[in-house]
Structure formats: structure tokens, C-alpha cells
Amino acid sequence: MRIQGHVALGLCASAVKFAVTRNRNGLGPFLLANLLIDLDHLPSYWRSWGIANPLDYLQIGFFGRIVAGKRSGLTLVDIGAASRPLHSAVVLAAVSLVALRYSTVRPFAAGMLYHRAADWYAERSPNQINGD
Ligand SMILES: [Zn+2]
């Protein structure tokens with residue numbers, strides 16, 4: 001799922017949570033975790049393709065391809081599967097276990113799990129090109 005999809009879904013979930021609870025606590029960490037979990041793609045992109053420019057990464061995240069610069073035209077299909085350690089079941093289970101003990105971690109864990117659920121759903125969509 002692209003960055004804008006995660007932003008939209010995160011804002012929708014936050015709006016629903018606020019509408020139900022009238023409580024803004026945890027919405028910031030939830031939204032941050034929902035977005036920043038995808039930073040785990042960066043080391044893989046850098047190792048495999050030498051992509052170190054954050055603008056290139058943002059173009060890939062928003063458009064599925066680099067649209068400007070010296071790597072213009074490189075697509076997610078070209079890049080292929082990226083290592084995503086923060087998306088792994090082990091990391092998500094560990095963060096969830098910590099969240100059971102520490103309430104301040106819960107919004108971060110919820111954001112990561114929500115993001116992963118959205119990715120999982122998108123990866124199973126027949127029209128989805130990438131599973132970021
Ligand atoms: Zn993701």
C-alpha cells in the first residue's frame with residue numbers, strides 16, 4: 001500500500017476512535033507508527049539498488065516509481081521484494097507483548113498492527129502491484 005493509502009486509513013481509524021471515545025490520547029503515536037514502520041524498506045533499497053536519497057524513497061512510496069532525478073523510471077516492480085523487518089510477525093508479536101505491559105507502547109503497537117493489516121489486505125488485492 002502506498003503512503004497516501006496509509007495516511008488516509010490512519011486518519012479514518014483515528015477519526016473513528018476519537019468519535020467513539022472523545023479522547024485524543026494515543027492518536028499521534030498511532031499515526032506515527034502507522035507511517036514510520038515503512039522506514040524499514042530503506043536499508044533494503046539502499047543495499048539492493050543504492051537508493052539513499054530520501055526523495056527517491058518518497059517518490060517510490062507515493063507513486064510506486066521514481067519520477068525525477070538520476071534514478072527516474074525505477075519502479076517497485078524493478079526493485080522487487082524488499083526486506084521489511086519491522087513488518088515481521090516476530091517484531092509485531094514482540095511489540096504487542098511489550099504493549100501488554102506498558103500502556104504507553106499500545107498506540108505504537110496498534111499503529112504497527114493496523115499498518116500491517118492494511119498491507120496484508122493490499123497484498124491480496126488482484127490490482128495491487130506492490131506490497132509495501
Ligand atoms: Zn508497509
What about V67, is it more than 16 Å from the ligand (Cβ to nearest atom) and either at pLDDT 95 or above or in contact with a strand residue (DSSP E or B) (Cβ under 6 Å, 6 or more places away or on another chain) (or both)? no
Give me the pairs: first residue in segment 51-70 and basic (K, R), second residue not in a loop (DSSP other than H, G, I, E, B), beta-carbon distance under 8 Å, and six or more apart or on different chains, which are they? R65/Q59; R65/T75; R65/L76
Subset of segment 13-24 that is surrounded by 14 or more Cβ atoms within 10 Å (Cβ to Cβ) and without any contact (Cβ under 8 Å) to a residue 24 or more places away in the chain - its residue that is farthest from A117 (Cα to Cα): K17
Within segment 25-130, helices (runs of 4 or more DSSP H) holding 1 or more residues that are of a type in the set (D, E) and closer than 18 Å to G10 by Cα: 106-123
When (1) closer than 22 Å to R2 by Cβ; (2) within 15 Å of the ligand (Cβ to nearest atom); (3) in contact with a Phe, Trp or Tyr (Cβ under 8 Å, 6 or more places away or on another chain) are applied to A52, the one that fails is (2)
Output for segment 93-123, where each listed residue is under 11 Å from A33 (Cβ atoms) and either touching a residue at least 24 places away in the same chain (Cβ under 8 Å) or touching a strand residue (DSSP E or B) at 6+ places or on another chain (Cβ under 7 Å) (or both): R106, P107, F108, A109, A110, G111, M112, Y114, H115, R116
Would you please list the contacts, defined by Cβ atoms under 9 Å and residues six or more apart or on different chains, that run from a residue in segment 25-40 that is under 15 Å from V95 (Cβ atoms) and of a type in the set (A, V, I, L, M) to a residue that is within 15 Å of the ligand (Cβ to nearest atom) and not in a helix (DSSP H, G or I)? I37/R84
Residue set L86, L92, L113; condition closer than 24 Å to R2 by Cα and within 11 Å of the ligand (Cβ to nearest atom); output residue L86
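Condition check ((1) loosely packed, with under 14 Cβ neighbours inside 10 Å; (2) of a type in the set (A, V, I, L, M); (3) over 23 Å from S125 (Cα atoms)) across all residues:
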site	(1), (2), (3)
I37	no, yes, no
A52	yes, yes, yes
F63	no, no, no
H87	no, no, no
V95	no, yes, yes
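The values are calculated or read from the model by the stated rules, or taken from the named source; none is laboratory data. Only a predicted model underlies this, so the values are computations on that prediction, with no experimental measurement involved. Ideal geometry is used to build each Cβ from the backbone, glycine not excepted, and the neighbour counts take in all protein chains shown.
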